[in-house]
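Take a look at the structure below.
The values are calculated or read from the model by the stated rules, or taken from the named source; none is laboratory data. If you're wondering where the values come from, they're calculated on a predicted model, not measured in any experiment. In this analysis, Cβ positions are derived from the backbone assuming ideal geometry, glycine residues included, and neighbour counts consider all displayed protein chains. Calculation scope for accessible area: heavy atoms of the full protein, side chains included, ligands and nucleic acids excluded. Shrake-Rupley method; radii C 1.70, N 1.55, O 1.52, S 1.80 Å.
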Amino acid sequence: MSRSTTEATVARLQHSDIDWMSAALDNARRAESMGEVPVGAVLVRDGQHLADGWNRVIVDQDPTAHAEIVALRAAASKRENYRLPHTTLYVTLEPCSMCAGAIINARVQRVVYATADPKTGAAGSVFDILRHAQLNHRCEVTAGVLAEESAALLRDFFRMRR
């Protein structure tokens, strides 16, 4: 592949990442409108939308109803398979250890997240479960896509709660 072809592919991926992360941010706003911590997710395969997720912990009274889990469950149900290979999960906040474990079990190929979580992040901030060498599956991880927008949404949400 020539250098210009590689650069064009990278530019296309970056543009696509921004578009999908924008959709995840819309889902985060949906969570916020329900009184939930504003975290949203979108699962994509081959450029096609598979599922959306947003935090539903309070609404569903379910401690596992994080945006990532909601999206993975919806996609698994739609595909009638708990394995979701060749997919990319876009999420507005770095996944926690619970979500990272589910991502690994679902065989998600790539995780793109907006802002790091320095308290519970499991994609490099506190733990690096998604890329742990001893696990039977590892994900590609891209961090920082629309990070400031996501961080501002979270900051504003918690500022209003104080």
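Scanning region 15-36 for residues that are free of Cβ contacts under 8 Å to residues at least 24 places away in the same chain and of a type in the set (S, T, N, Q) yields a single hit, Ser33. Whenever a residue of region 50-64 is under 22 Å from Asn81 (Cβ atoms), its partners that are in a strand (DSSP E or B) and polar (S, T, N, Q), lying with C-beta atoms within less than 8 angstrom and at least six residues away or across chains, give the pairs Leu50/Thr87. Count of region 57-100 residues, restricted to those that are open to solvent by less than 40 Å² (accessible area, probe 1.4 Å) and within 13 Å of the chain's Cα centre (by Cα), is 18.
Residues that are farther than 10 Å from Ala67 by Cα and crowded, with 20+ Cβ neighbours inside 10 Å within region 33-44 comprise Glu36, Leu43, Val44, listed in sequence order. Being of a type in the set (S, T, N, Q) and modelled with pLDDT of 95 or more is the filter; apply it to region 135-162 and report the residue that is least open to solvent (accessible area, probe 1.4 Å). By that ranking, first place goes to Ser150. For region 105-126, the count of residues that are of a type in the set (Phe, Trp, Tyr) and open to solvent by 40 Å² or more (accessible area, probe 1.4 Å) is zero.
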